[in-house]
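Since the structure comes first, as structure tokens, the remarks are kept for the end.
The values are calculated or read from the model by the stated rules, or taken from the named source; none is laboratory data. Given the structure is predicted, the values throughout are model-derived calculations rather than measurements. No Cβ is skipped: glycine too gets one built from the backbone with ideal geometry, and neighbour counts run over all protein chains shown.
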Amino acid sequence: MDKKKRTWCYLQAPHVYEMSPCSCGNQNTQWSEYEKHLWCEKCKIDFLPESAGVFSSPIPMETAKLMGIFFDRVIIETNELESLDNHYKYIKVLDFRKDVFNKLYETVINSGGYIEDKRLRIPIFLDIKQEDILIKYKQEDVEQVFLYKNKESFTIPIATYSDDGFKKFFLDIVLKDKELVIEKNKEYDNFLKFLLTQKLKMKLTEKEKEKKLKI
Ligand SMILES: [Zn+2]
């Protein structure tokens with residue numbers, strides 16, 4: 001059997017998902033670079049675990065959460081994080097361990113219902129400034145989804161990762177004079193506050209680094 005290389009792995013370690021340990025007894029395994037395999041640091045081998053743990057049978061999301069199991073994942077090539085949105089589809093994560101302020105963040109218009117319907121999952125980009133957020137999108141895509149669902153507002157999910165772990169925000173967007181705008185509501189304020197806190201934290205760690213360099 002040809003071993004296929006993994007393109008992504010879960011953020012949590014295999015034992016969290018109750019996958020079997022290595023035959024040497026080591027529970028503390030890692031995701032192997034090959035699909036379905038795990039890596040044992042002690043034996044320096046890739047192995048097929050006896051049981052795939054929670055993946056061997058369907059598990060309700062709410063139960064998983066209660067067990068402390070999350071399905072957020074790392075895209076290996078780019079080292080980006082992805083998280084499940086409330087329709088159980090992956091969205092990119094704003095990773096505050098890196099600088100997020102000068103890049104476009106890709107999310108989706110979450111129009112609800114039939115997630116397999118591509119018309120209901122429109123890519124949208126956020127340009128995150130310090131005190132504002134600009135949205136970029138393809139006009140025809142957006143008009144299509146608003147027309148199709150005959151609705152006036154939708155939400156866009158934003159997943160974030162910082163020292164405090166994962167946190168999600170759901171911004172409301174509305175179509176005004178054929179332009180998409182973000183509703184300046186409480187959730188928007190919360191997100192801006194969160195951005196500001198993260199920005200301050202980033203500045204503090206930068207200063208600490210500088211200090212250490214001087215010593
Ligand atoms: Zn081992």
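Key figures for this structure:
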| quantity | calculated |
| --- | --- |
| Residue 40 vs. criteria crowded, with 18+ Cβ neighbours inside 10 Å, farther than 22 Å from residue 157 by Cα and in contact (Cβ under 8 Å) with a residue 24 or more places away in the chain | no |
| Within region 16-26, tally of residues that are of a type outside the set (A, V, I, L, M), surrounded by fewer than 17 Cβ atoms within 10 Å (Cβ to Cβ) and either in contact (Cβ under 8 Å) with a residue 60 or more places away in the chain or more than 10 Å from the ligand (Cβ to nearest atom) (or both) | 1 |
| Residue check, residue 79 among the polar types (S, T, N, Q) and within 23 Å of the chain's Cα centre (by Cα) | yes |
| Residue pairs meeting the criteria (Cβ under 7 Å; at least 6 apart or on separate chains; first more than 17 Å from residue 83 (Cα to Cα), in region 43-66; second polar (S, T, N, Q) and within 16 Å of the ligand (Cβ to nearest atom)) | 46/32; 49/20; 50/20; 51/20 |
| Filter result for residue 6 (more than 16 Å from the ligand (Cβ to nearest atom), in contact with a strand residue (DSSP E or B) (Cβ under 8 Å, 6 or more places away or on another chain) and under 30 Å from residue 195 (Cβ atoms)) | no |
| When residues of region 196-215 are limited to those that are aliphatic (A, V, I, L, M) and touching a residue at least 60 places away in the same chain (Cβ under 8 Å), the one surrounded by the most Cβ atoms within 10 Å (Cβ to Cβ) | 202 |
| Filter result (surrounded by 14 or more Cβ atoms within 10 Å (Cβ to Cβ) and over 21 Å from residue 74 (Cβ atoms)) within region 145-168 | 145, 146, 149, 154, 155, 156 |
| Within region 97-111, considering residues that are touching a Phe, Trp or Tyr at 6+ places or on another chain (Cβ under 8 Å) and part of a loop (DSSP other than H, G, I, E, B), the one modelled with the lowest pLDDT | 111 |
| Matching option when the condition is under 30 Å from residue 157 (Cβ atoms) and either at pLDDT 95 or above or more than 16 Å from the ligand (Cβ to nearest atom) (or both), among 72, 46 | 72 |
